[in-house]
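The values are calculated or read from the model by the stated rules, or taken from the named source; none is laboratory data. Note that this is a predicted model, so its numbers are computed, not measured. As a convention, Cβ positions derive from the backbone with ideal geometry for all residues, glycine included, and neighbour counts pool all protein chains shown. Note: areas computed on protein heavy atoms with side chains; ligands, DNA, RNA excluded. Shrake-Rupley method; radii C 1.70, N 1.55, O 1.52, S 1.80 Å.
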Amino acid sequence: MYNKAYELINETKENNCRISDIVLRNECKLMECSEEDVRSKIRKVLQVMKDAAQSGIDKETRSVSGLIGGNAVKADQYRKMNRTVCGDVVNRAIARALSTSEVNASMGRIAAMPTAGASGIVPAAVITAAETIDADEEAIIDALLTASGVGQLIKKNATISGAEGGCQAECGAGAAMAAAAIVELYGGTPEMALDAGAIALKSILGLVCDPVAGLVEVPCSKRNATGVVNAMACADMALAGIKSMIPFDEVVDAMYKIGKAMPAALRETSMGGLATTPTGETLRCRLIGKQ
Amino acid sequence: MSNVSIFEIMGPVMIGPSSSHTAGAEKLGKAASSICDEDFDAVDFYLHGSFAKTYKGHGTDKALVAGILGMSADDERLRDSLKLAEQKGIKVDFIETDLGEVHPNTVKIVIKNKDIVLLTLVGSSIGGGNIMINEVDGSALEISGQYPVIIATYSDVRGMISKITGAIARNEVNIATLRVSRSSKGEVATTVIETDNAAPESIVDEILQIENVISVRVLNAIV
Ligand code: SF4
């Protein structure tokens, strides 16, 4: 069992394998089941992820409150015009992350990763990265194992709940998980994967959880889109050989401490941040007036 | 540090938008109808705290009703559960209330048939889709729903626990935890027994036949 990133890296070295192999072995031991059992369970989750990442692109999807919707369609149409700033790959990922967020807010089916609010980041990242290098489904399953391994480290040493640690604990964790997964998918080393995770988490340290009207819509949906871009940029940096000056474990500790220092108003209570801006308040009144 | 399954990170597969407001609420509804185990025609939901404030936007109402109808947390019909309940002739009401010093995501569920109350349950959605049932028919308890549970109430006389656990053992059900509470000495006592494996349906009648037993409720694991 690994509790820290350095332990996970050591295990990969001792066994001369990847992070996903260690995570898979640990899961089999924990659940007392075979590797194929775990893989087939992930395969089912992956199908849900793929559907959620696509259906908001195929069809305009609106949230139950009516606050958000239709942005995945817009992002994808724009991408197809072939004149984007970030390029095709990044814009594909943005559209997918928005799609999952919109499906979630419309009461559609999603897989939490690590939470429902941040569920758009990892799927958009791994599906898009896999598509770019023509990786097969088994490789995506490996990437999801790696992502989950990073999520385990964050859950064990800090938190993955916005109510406890702010959005850095949800969208930050999602981006760190996604960054590490992409690095492994692209053949990077376990160290590179965790460097990518560390850089992604460092980049949004301090991000508060301030959903307008208490709904998982504004700013959540766009934070999923920027979360996947954060993950991709950090994966590229790590694959280029750029290291995180602060090791992953220390970044996670810092994230937890920052979360604890955050006032309750900025931890999912909608009593601060964007939720209490004039527009946030107006939207809340409009929605609660509806109720 | 305890081991964490990857499926606590990846998943659950659920209907959005929020594991506490939809997945957890659905489980609370399902727990209530499963403990009730009788036909019913009306359910009142008393919503507290954050549940009361944002239940419509989060679809908590739909999730609770989906649970009452026995749907699972990843069933896409959850969105239409209010209509489905209507079609089945089940009247549902949502009442915003203050249940006191409880978790912000707490609901009191009252299941009725022809105006007779069949079951009252108070439970909270405590995050990540996990729940805690705090009260059943007025008895305070703590049930996570992760294990099958037998809840027995009886007059507080000597030897009751051994008679009840004896009946459970005879059915080859292994007891994981057992907790006893009572309103006051010699009055009504409640025993909550979590078991490793689900008890056969016949266990309810078997325990009810024991002298001084007032009620028996069974909940199979709902996760
Ligand atoms: S702002 Fe809060 S609710 Fe929204 S995604 Fe971030 S942590 Fe989740």
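Using only Cα atoms, figure out Rg for the stretch A:132-231 and give it as a multiple of 2.2 N^0.38 Å.
So the stretch A:132-231 has a normalised radius of gyration of 1.09.
For the stretch B:101-223, with the dipole built from +1 on Lys and Arg beta-carbon atoms and -1 on Asp and Glu ones, taken about the Cα centre, which of B:I133, B:N197, B:Q146 lies farthest toward the positive end?
B:I133
Got a sec? Which residues in the stretch B:6-43 would a label at A:C28 touch, if it sits 7 Å along Cα→Cβ and we count backbone N under 16 Å?
Under cut-off, by backbone N: B:6.
Using alpha-carbon pairs under 8 Å, 6+ residues apart, how would you state the relative contact order of the stretch B:163-223 in percent?
Result for the stretch B:163-223 is 31 percent.
Rounded, prolate or oblate: which fits the stretch A:1-72 when a ≥ b ≥ c are the square roots of the eigenvalues of the alpha-carbon gyration tensor, with rounded for a/c under 1.5 and prolate only if a/b beats b/c?
Prolate, because a/c is 1.5 or more and a/b exceeds b/c.
As a test of the definition: with a 1.4 Å probe, what buried accessible area, both sides summed, do you compute for B against A, in Å² to the nearest 100?
So the total buried area for this chain pair works out to about 3200 Å².
Testing the spin-label approximation: label points 7 Å from Cα along Cα→Cβ at B:A221 and B:N113. State their distance in nm.
2.9 nm
Filter the cross-link list A:K50/B:K88; A:K155/B:K112; A:K29/B:K27; A:K44/A:K156; A:K59/B:K56; A:K41/A:K156 down to pairs whose alpha-carbon distance in this structure exceeds 30 Å.
A:K50/B:K88; A:K155/B:K112
Does the protein assembly as shown come out rounded, prolate or oblate, given a ≥ b ≥ c as the square roots of the eigenvalues of its C-alpha gyration tensor, rounded meaning a/c under 1.5 and, failing that, prolate meaning a/b above b/c?
The shape class here is prolate.
If contacts are Cα pairs under 8 angstrom and at least 6 residues apart, what is the relative contact order of the stretch B:1-70 in percent?
48 percent
Give me a single rounded figure for A:156-163: the average over its residues of other chain Cβ atoms within 10 Å of their Cβ.
Taking the mean over all residues of the peptide, I get 2.
How do B:D115, A:D210, A:D88 stack up against each other in accessible area, from largest to smallest, with a 1.4 angstrom probe?
My answer, sorted largest first, is B:D115, A:D88, A:D210.
Using the Cβ atoms and a cut-off under 12 Å, what net charge is assigned to the surroundings of A:R96, where Lys and Arg are +1 and Asp and Glu are -1?
For residues surrounding A:R96, the net value is -2.
Taking only the alpha-carbon positions of chain B and ignoring solvent, what does the Debye formula give for the base-10 log of I(q)/I(0) at q = 0.10, 0.13, 0.15, 0.18 Å⁻¹?
Rounded to two decimals, the profile gives -0.46, -0.76, -0.99, -1.30.
Can you tell which of B:V136, B:V13, B:V204 shows the greatest fluctuation in a Gaussian network model of chain B with Cα springs below 10 Å?
Among B:V136, B:V13, B:V204, the largest GNM mean-square fluctuation belongs to B:V13.
On the first, second and third principal axes, largest extent first, how far apart are the outermost C-alpha atoms of the stretch B:6-137 in Å?
That gives 45, 34, 25 Å along the principal axes, largest extent first.
Can you give the local net charge around B:I111? Use residues other than it whose beta-carbon is closer than 13 angstrom to its beta-carbon, Lys and Arg +1, Asp and Glu -1.
-2
Projected area of the stretch B:74-167, taken from the Cα convex hull and averaged over every viewing direction, in nm²?
Result: a mean projected hull area of 9.2 nm².
Using 0.36 nm times the number of residues separating A:E60 and A:R83, minus their current alpha carbon distance, what extension gain do you get?
Computed gain between A:E60 and A:R83 is 6.0 nm.
At 7 Å along Cα-to-Cβ for each site, give me the label-to-label distance between B:A198 and A:K260 in nm.
Going by the 7 Å Cα→Cβ label model, 4.2 nm.
Quick one: accessible surface of A:C28, probe radius 1.4 Å, all protein chains present, in square angstrom to the nearest 10.
20 Å²
If a/c stays under 1.5 just call it rounded; otherwise compare a/b with b/c (prolate if a/b is bigger, oblate if not). Do that for the stretch A:39-290, with a ≥ b ≥ c from the square roots of the Cα gyration tensor eigenvalues.
oblate
Does anything in the stretch A:186-228 have its amide N under 12 Å from the 7 Å Cα→Cβ label point of A:K243, and if so which residues?
A:191-192, A:195, by backbone N distance to the label point.
How large is the accessible surface per residue of the protein assembly as shown, computed with a 1.4 Å probe and reported in Å² as a whole number?
Ligands and nucleic acids excluded, the result is 42 Å² per residue.
If one takes the longest principal axis of the Cα atoms in chain A, at what angle in degrees, from 0 to 90 and to the nearest 10, does the Cα axis of helix A:5-15 lie?
40 degrees
Mind checking the full-extension length gain between B:R182 and B:Q209? Use 0.36 nm per residue of separation minus the Cα-Cα distance, one decimal, nm.
Once the chain is fully extended between B:R182 and B:Q209, it gains 7.7 nm.
What ³J(HN,Hα) values, in whole Hz, does the Karplus curve 6.51 cos²θ - 1.76 cosθ + 1.60 give for the stretch B:149-161 when θ = phi - 60°, with x put for Gly and Pro?
10, 10, 10, 10, 10, 7, 6, 6, 10, 5, x, 5, 5
Percent of accessible area on the protein assembly as shown owned by carbon and sulfur, 1.4 Å probe?
It is 51 percent, rounded to a whole number.
Dividing the alpha-carbon radius of gyration of the stretch B:166-212 by 2.2 N^0.38 Å (N being the number of residues), what value is obtained?
For the stretch B:166-212, the normalised Cα radius of gyration comes out at 1.25.
If you take the beta carbon distance between A:I133 and A:E7 as r and set R0 to 30 Å, what does 1/(1 + (r/R0)^6) give as a FRET efficiency, to the nearest 0.05?
0.55
If I stretch the segment between A:R286 and A:L274 completely, what's the gain in nm (0.36 nm per residue apart, minus their alpha carbon distance), one decimal?
2.7 nm is the gain from fully extending A:R286 to A:L274.
With each label point set 7 Å from Cα along the Cα-Cβ vector, what nm distance links B:S2 and B:E38?
Distance between the two pseudo-spin positions: 3.6 nm.
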